[in-house]
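Quick notes on the structure that follows.
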Amino acid sequence: MPSILVVEDSPTMRQLISFAMRRIPGSKVIEATDGVDALKKLSAEKADIILADINMPVMDGLKLVSLVRGSSEFRDIPIIIITTEGAEEDREKAMALGADAYLSKPIQTQELINLVTHQLDKR
Amino acid sequence: MDKDKEPGILKKADEFLQIFKKGEEFTRNLLKENEDLRFRIAELEEAHAQGSNAAKIRNYEDHIKMLEDERESLKERFRKVETENRDFAQKYVLVAEENNNLANMYVASYQLHSTLDYEEVLKIVLEIIINLIGAKKFSVMLIDKKLEKLESIASEGIGMDNTAKIPVDKGVIGEVVREGKSYFSDESIHTESEDPAKPIVCISLKIKEHVIGVIAIYSFLNHKTGFSNVDYELFNLLAGHAATAIFSSRLYIRSEREFTTIQNFLELLKGKPTQ
């Protein structure tokens, strides 16, 4: 049963992504509102994949990617970054820090499901 | 006496010889007949063998035909199943797409009605327009009845001053306000309009048939290739739900304000010394 951590500060986007992720058979969705919240959730629950927005308050997506990749416990968890158009620099930074894939808003739900399934299958 | 016996012996010998000759002839006849019979048997055996092979061949031919018929029937069934599978796959894709669209619509309407905080409602409207529709430059405007102009209450990528005070009776926006029907330009989705009065898409914000404002979109994100069904559904949803959410949150603010005023007034009355 894949456990998917959705890190997004916008309630609309968070709900939308969680809805899409629940369509992956047997999946369990954990929601976090920012990087710090995501790290707390990671310590409490096992996650098989992380979907994270870049622009978030408290701790942004880039810092989260860097901390997850630097951790011996979580470094192997695939990370998909969700960016806005025109944020190429952030996207490149995220990929350089160790993100596995990225997706631009507005998100095509099926594309997101396919990308997450592909990353989970690769493990 | 021996002489008398001699002719008798000769005669018997002759008789014996005759019998022997007959025996020999009989034996020869038997051998001939035997040979004929063997030949006949051989002939019959060959005929039988040939007849049996022909029957076998007929059997094999029948079997092959039956197998070929079966193969054809299986191929036909396989073709049918394949077509059915393709149909199911197409239906699955459509159902999945419909599910995604419904999820988007649900989330949008749920979020729009999740709060009565005016600022939060505006933030949610902006999020839906940016993240679900994929607009880059747009403005949310409400009608100012006194001034008969549209007033920008939120915008993205375009300054609110640029869209301030657009007349409600002129141009594309004026038509949307008058008719209550959303406008979609014939131009490409990647056209970028610089004129605040000429949006690419203009959605009327309606409460029932009463237009309270518009959402004017001037450009879309580059990776948006065109409008899909869900975009039109979201435009419709925004037309109704965003309008009621904005309207009710404004009413709520006003009622809160009035409630506070009345409460203060009552407090004042209570505190006022009786004459």
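The table for this structure:
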item	result
Per-residue average of Cβ from other chains inside 10 Å of A:110-120	1
Where the Cα pairs of segment B:82-183 fall when distances are cut into 5 Å bins, in %	3, 11, 14, 16, 16, 13, 8, 6, 5, 4, 3, 1, 0, 0
24 Å tail of the calculated P(r), segment B:113-261, as % of Cα pairs	27
Segment B:113-261, accessible surface, carbon-and-sulfur percent (1.4 angstrom probe)	50
Most to least packed among B:211-220, B:19-28, B:239-248 [average Cβ atoms within 10 Å]	B:211-220, B:239-248, B:19-28
Angstrom value of the Kirkwood radius, inverse mean 1/r, which spans all Cα pairs in segment B:218-272	14.9
For segment A:1-68, the fraction of alpha-carbon pairs in successive 10 Å shells from zero, as %	24, 56, 20, 0
Net charge of neighbours whose Cβ lies under 10 Å from the Cβ of residue A:57, counting Lys and Arg as +1 and Asp and Glu as -1	-3
Quotient of C-alpha Rg and 2.2 N^0.38 Å, computed over segment A:76-123	1.14
Rel. contact order, % - alpha carbon contacts under 8 angstrom, at least six apart, chain A	24
Shielding by partners, peptide A:1-13 (average Cβ within 10 angstrom, other chains)	3
Accessible area per residue, Å², segment B:31-70 with all protein chains present, probe 1.4 Å	96
Over chain B, equivalent-ellipsoid semi-axes from the Cα gyration tensor in Å	118, 23, 12
Ratio of the Cα radius of gyration of segment B:9-142 to 2.2 N^0.38 Å, where N counts its residues	3.55
The protein assembly as shown: radius of gyration and largest Cα-Cα distance (Dmax), Å	47.4, 206
Computed E for residue B:156/residue B:248 - FRET, C-beta separation, R0 22 angstrom, nearest 0.05	0.45
In the B-A interface, the accessible area buried, summed over both sides, Å² (probe 1.4 Å)	1600
Virtual paramagnetic centre 7 Å along Cα→Cβ of residue B:58, amide N under 20 Å, in segment B:19-47	B:44-47
q = 0.15, 0.19, 0.20 Å⁻¹: log10 I(q)/I(0) that the Debye formula gives for chain A, counting C-alpha atoms only	-0.58, -0.98, -1.11
Solvent exposure, largest accessible area first (probe 1.4 Å, DNA, RNA and ligands not counted), of B:138, A:19, A:74, B:259	B:259, A:19, A:74, B:138
Peptide B:216-225, shielding by other chains (average Cβ, 10 Å cutoff)	2
Accessible solvent surface per residue of segment B:140-209, calculated while the other protein chains remain in place, 1.4 angstrom probe, Å²	59
Listed pairs B:146/B:181; B:136/B:208; A:40/B:137; B:137/B:170; A:122/B:91; A:105/B:206 exceeding 25 Å between Cα atoms	B:136/B:208; A:40/B:137; A:122/B:91; A:105/B:206
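The values are calculated or read from the model by the stated rules, or taken from the named source; none is laboratory data. Quick caveat: nothing in here was measured; it's all calculated off a predicted structure. Virtual Cβ from ideal backbone geometry, glycine too; neighbours counted across all protein chains shown. Accessible surface is based on the protein model in full, side chains and every heavy atom, while ligands, DNA and RNA are left aside. Shrake-Rupley method; radii C 1.70, N 1.55, O 1.52, S 1.80 Å.
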